[in-house]
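Below is one structure, written out as structure tokens; the observations come after it.
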Amino acid sequence: MRFYGYMGGGCGKRHAMHRGGRGRGFGHGFGGRHGHDDEGRGGRRRMFDSGELRLVLLKLIAEEPRHGYDLIRQIEELTGGAYAPSPGVIYPTLTLLDDMGQIEAQQSDGAKKLFAITDDGRAELDANARLVDGLIARLAAIGEERQRTDSASVRRAMGNLRQVLVDRLGHRDVDQETLHAVVALIDEAAQKIERL
């Protein structure tokens, strides 16, 4: 599956974009577990263009204070498991947002650092509201596509099983031993699926 982004969203007035349209902290490593590398090798482009991941993280943090792993998990859930940004991208972006004064670390019980949005962060979201909505919609669309694809795979597998059964059991010379073996395999598969 290819993920195509669209350019948009600056890094705010507090930090100028570097030459080439990339903000500080947005160099390499947008690959993630299911994503693609930042250079677009193999004809693919990264999930987010310059500044877009920052806005997505701001949006998620605005909903509630979050730590890095939670942000990775939320994006993965939005895309139905199709894409998960790597920690090597998330944490530098959080550092950038902190440096820009758009998020701030909060006290937390565990070792994980919780981040909350600041007034500057909310102003940044407000200034880029249309782009942020588009980014969240893009992630949700990827999740919907993933779900449709997965459902299609299940339907294909069920159709394949049905066709094999018709072909194999459609002959009159099928003995009882073969029939019992087929039934046992189907029952075993059903039990395994039930335990998933």
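The values are calculated or read from the model by the stated rules, or taken from the named source; none is laboratory data. Please read these numbers as outputs of a predicted model, since none were measured by experiment. Cβ coordinates were reconstructed from backbone atoms using ideal geometry, including for glycine residues, and neighbour counts include every protein chain displayed. Only protein heavy atoms, including side chains, enter the accessible area calculation; ligands, DNA and RNA are left aside. Shrake-Rupley method; radii C 1.70, N 1.55, O 1.52, S 1.80 Å.
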>> Anything in region 55-80 that is closer than 18 Å to I117 by Cβ and either polar (S, T, N, Q) or not in a helix (DSSP H, G or I) (or both)? List them, or say none.
In response: E64, P65, R66, H67, Q74
> Across region 99-112, what is the number of residues that are surrounded by fewer than 16 Cβ atoms within 10 Å (Cβ to Cβ) and outside any strand (DSSP E or B)?
Replying inline: 8
> Limited to region 43-68, what total is found for residues that are open to solvent by 20 Å² or more (accessible area, probe 1.4 Å) and either at pLDDT 90 or above or under 14 Å from the mean Cα position of the chain (by Cα) (or both)?
Replying inline: 7
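One residue is enough: does region 123-146 have a residue meeting the conditions among the basic types (K, R), buried (at least 19 other Cβ atoms within 10 Å of the Cβ) and touching a residue at least 12 places away in the same chain (Cβ under 8 Å)?
yes
If we scan region 79-100, do we find a residue that is over 22 Å from the mean Cα position of the chain (by Cα) and under 20 Å from F48 (Cα atoms)?
Yes, there is a match, as at least one residue in region 79-100 is over 22 Å from the mean Cα position of the chain (by Cα) and under 20 Å from F48 (Cα atoms).
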